[in-house]
1. Out of the residues in the stretch A:83-100 that are of a type in the set (D, E, K, R) and more than 14 Å from chain B (Cβ to nearest Cβ), state the one that is nearest to A:Ser305 (Cα to Cα).
2. May I ask you to list the residues in the stretch B:286-315 that are closer than 21 Å to B:Glu239 by Cβ and surrounded by fewer than 22 Cβ atoms within 10 Å (Cβ to Cβ)?
3. Can you tell me which condition A:Ala78 does not meet? The list is (1) more than 30 Å from A:Gly265 (Cα to Cα); (2) touching a residue at least 12 places away in the same chain (Cβ under 8 Å); (3) aliphatic (A, V, I, L, M); (4) out of contact with any strand residue (DSSP E or B) (no Cβ under 6 Å at 6 or more places or on another chain), and all the others hold.
4. Of all residues in the stretch A:296-335, how many are acidic (Asp, Glu) and touching a Pro at 6+ places or on another chain (Cβ under 8 Å)?
5. Among the strands (runs of 3 or more DSSP E) lying completely within the stretch B:62-126, list those that include at least 1 residues that are in contact with a helix residue (DSSP H, G or I) (Cβ under 7 Å, 6 or more places away or on another chain).
6. Give A:Thr222, A:Thr232 a once-over and let me know the one that is among the polar types (S, T, N, Q), surrounded by fewer than 18 Cβ atoms within 10 Å (Cβ to Cβ) and in contact with an Asp or Glu (Cβ under 6 Å, 6 or more places away or on another chain).
7. Just checking, does the stretch A:236-249 include any residue being within 21 Å of B:Asn293 (Cβ to Cβ), within 22 Å of the chain's Cα centre (by Cα) and within 7 Å of chain B (Cβ to nearest Cβ)?
8. Take the stretch B:190-200 and flag every residue that is among the charged types (D, E, K, R) and either touching a helix residue (DSSP H, G or I) at 6+ places or on another chain (Cβ under 8 Å) or not in a helix (DSSP H, G or I) (or both).
2 protein chains.
Amino acid sequence: MEAIVVRRGETSPTVAEVPRPDPEPGEALVRTLRVGVDGTDHEVIAGSHGGFPEGEDHLVLGHEAVGVVVEADGTPFAEGDVVVPTVRRPPVEGTNEYFERGEPDMAPPEACRECGIDGAHGFMSEYFAAPAEYLVPVPEDLAEWGFLVEPVSISEKALEHAAASRSAFEWDPESGLVLGNGSLGLLTLAMLDQRGYDRTYCLGRRDRPDPTIDIIEELGATYVDSRRTPVTEIPEAHESMDFVYEATGYARHAFECIEALAPGGVGALLGVPEPWDFEIDGGRLHKEFVMNNKALVGSVNSNVSHFEAAVETLADFPSWFLDDLVTGVHDLGDYEAAFGDTADGDSASGESAPRHDETTIKTALQFSQI
Amino acid sequence: MEAIVVRRGETSPTVAEVPRPDPEPGEALVRTLRVGVDGTDHEVIAGSHGGFPEGEDHLVLGHEAVGVVVEADGTPFAEGDVVVPTVRRPPVEGTNEYFERGEPDMAPPEACRECGIDGAHGFMSEYFAAPAEYLVPVPEDLAEWGFLVEPVSISEKALEHAAASRSAFEWDPESGLVLGNGSLGLLTLAMLDQRGYDRTYCLGRRDRPDPTIDIIEELGATYVDSRRTPVTEIPEAHESMDFVYEATGYARHAFECIEALAPGGVGALLGVPEPWDFEIDGGRLHKEFVMNNKALVGSVNSNVSHFEAAVETLADFPSWFLDDLVTGVHDLGDYEAAFGDTADGDSASGESAPRHDETTIKTALQFSQI
């Protein structure tokens, strides 16, 4: 069968012929429908994140998949069920406490593999096999958007952990700021809107006219141009934020967001930057953190409970939002278009190079139809 | 009546004659037994923290008090009840949402006054008056240690908020590190021991023989000398920590502790440093925060629920610990001894001047006996 892979020593994806998986007992065989592309894929392709499966010279890409069960093989699924796979798998040497208690998302990097990212093949192939415990059912009418369940689940977890960190007192967030107007940032902005935040903001560094700014404003949020209003000046220019979601991977934001938070506020950090030395007023930030009871939570990956929540969230998104967010679904013959420069948070709000394609937001590859 | 005050323009406490308080309706009159001295008192005296009551040129010091109700005045208390006062009071202009819902500890600094610290007189006087809602009953047999309820309540809150931040997954902390071997650090170390931490550590910068190191080891904890093992090297020298409690006010610790945390770990920040610019590897810290699901919570002050929890905690401390921790209880005639250099976290572990008196850990002033 055909798959999209990155080979050792190469920095662009190619189509390769790989063996169709032979499901082990307890695994279902899934025919792939669509697989989303995100910034992590670009990092994996560039070699700055993740790694190849042990002893192999290629990695099948893709971790945002939706498919149809074609061989249920004694799993609780039926043939024809639409499913989304979770991303983490136990290390080669076997399972561990994190997987045993259904919280692989809490495993440190060395205690897991990640399909399509680190040490395990992903889902950008005509078929994939997965143990039933790593498959989450999706209603058939959501099949076309099912590749968004994984990215939404990432924010489900981050929002859950952020709220947990504020659960020792009465926390009723009204103002929310998303740093980064990439696809993950926009999905999260829509989630804040859905959860009843009164006032939402999204920070980016793009000029109008721009399709992400259109989406931000259609969601009723305020666009904040970081070139004119840095994160630290947001309280003065707009207001202090009960919640800040960092999806830029721009390390200064992880620390500057402390100043953007309202008393009792929490910042969720999602980005994965490279090492970078810089100066901070650590004394002032430390004091601010303490005197105003602020919190920061780092969050990576997500588990089955977050995927299940994401299915509900996705079903409630307005259809215009999904239509506008997904700017391209490409067949295998046109796979390179899906890997064009996407509006990913890492490039959208950090200090990286200007974007090439200002009309692409979120893309997916289509392997088959339902 | 006599009180210990600091006057505007002065940087040492003095005894002053002040009017005995005339309780308002709903307030009880309390005869003061003992009032503890801590690092915040020294900051207030030095003028680096807090401020005088509006329109006054002196501040009665003291926020760690225990006393006996002498006029119940229609409150739910009875004469003879032993009580501890909470610290925060509404601003002069009136109450607000934080006080209305019993969470004054979550108020930003501008939305509250703090008795003996900022804008309201404290408890270092022969009598004080307080509304019933700001008084917490203490069993009579704990009266002599009652001045420790307030500092213990500070850590009750910090521990509660830290655990809340980890409540979205299964968190069973085994290793705990306290940064700072001042009295608050030692109280917190004893609390971790009480709560079943398997392995505890306490960081300081003092040479043996030293009474705080004796207490640390008597509690079964490991003393970490920061001059030999900086915070960032603790994982290699000992182990990564599920929980870190920062009680040094040394701003580098607020950021370095991210590296000392185990996957899924949380750091509670309590210190209140001055502004201080320094360089960090922000990229590495940010990535570490995210990839290992770490959290930081800032915590200040405490509310009635934390005082109530602190009473229980205090009752369970071994008596040797309290005997060794409280190195001096001084009468009013000897008040200057109570303000001698104490083993407070701020000086014990930061980069400040070496300590003068290595035998003092925690002191209190005695105003009367039960």
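The values are calculated or read from the model by the stated rules, or taken from the named source; none is laboratory data. Quick caveat, the model's predicted, so the values are computed rather than measured. A quick note on method: Cβ atoms are made from the backbone with ideal geometry, for glycine too, and the neighbour counts reach across all protein chains shown. Accessible surface is based on the protein model in full, side chains and every heavy atom, while ligands, DNA and RNA are left aside. Shrake-Rupley method; radii C 1.70, N 1.55, O 1.52, S 1.80 Å.
1. First, pick out the residues of the stretch A:83-100 that are of a type in the set (D, E, K, R): A:88-89, A:93, A:97, A:100.
Pick out the ones that are also more than 14 Å from chain B (Cβ to nearest Cβ) and you get A:89, A:93.
Values: A:Arg89: 16, A:Glu93: 25 Å.
Restricting to residues being of a type in the set (D, E, K, R) and more than 14 Å from chain B (Cβ to nearest Cβ), the top hit is A:Arg89.
2. If the condition is that a residue be closer than 21 Å to B:Glu239 by Cβ and surrounded by fewer than 22 Cβ atoms within 10 Å (Cβ to Cβ), then B:Glu288, B:Met291, B:Asn292 are the ones that fit.
3. Only one criterion is unmet by A:Ala78, namely (2).
4. We begin by selecting, within the stretch A:296-335, every residue acidic (Asp, Glu); these are A:308, A:312, A:316, A:323-324, A:331, A:334.
Cutting the leftovers down to touching a Pro at 6+ places or on another chain (Cβ under 8 Å) gives us A:324.
Number satisfying all stated conditions: 1.
5. On the way: elements: B:64-71, B:82-85, B:113-115.
Strands (runs of 3 or more DSSP E) meeting the threshold: B:64-71, B:82-85.
6. On the way: A:Thr222 fails: in contact with an Asp or Glu (Cβ under 6 Å, 6 or more places away or on another chain).
Of A:Thr222, A:Thr232, the one residue that is among the polar types (S, T, N, Q), surrounded by fewer than 18 Cβ atoms within 10 Å (Cβ to Cβ) and in contact with an Asp or Glu (Cβ under 6 Å, 6 or more places away or on another chain) is A:Thr232.
7. No, the conditions are met nowhere in the stretch A:236-249.
8. Filtering the stretch B:190-200 for residues among the charged types (D, E, K, R) gives B:193, B:195, B:198-199.
Residues satisfying the conditions are B:Arg195, B:Asp198, B:Arg199.
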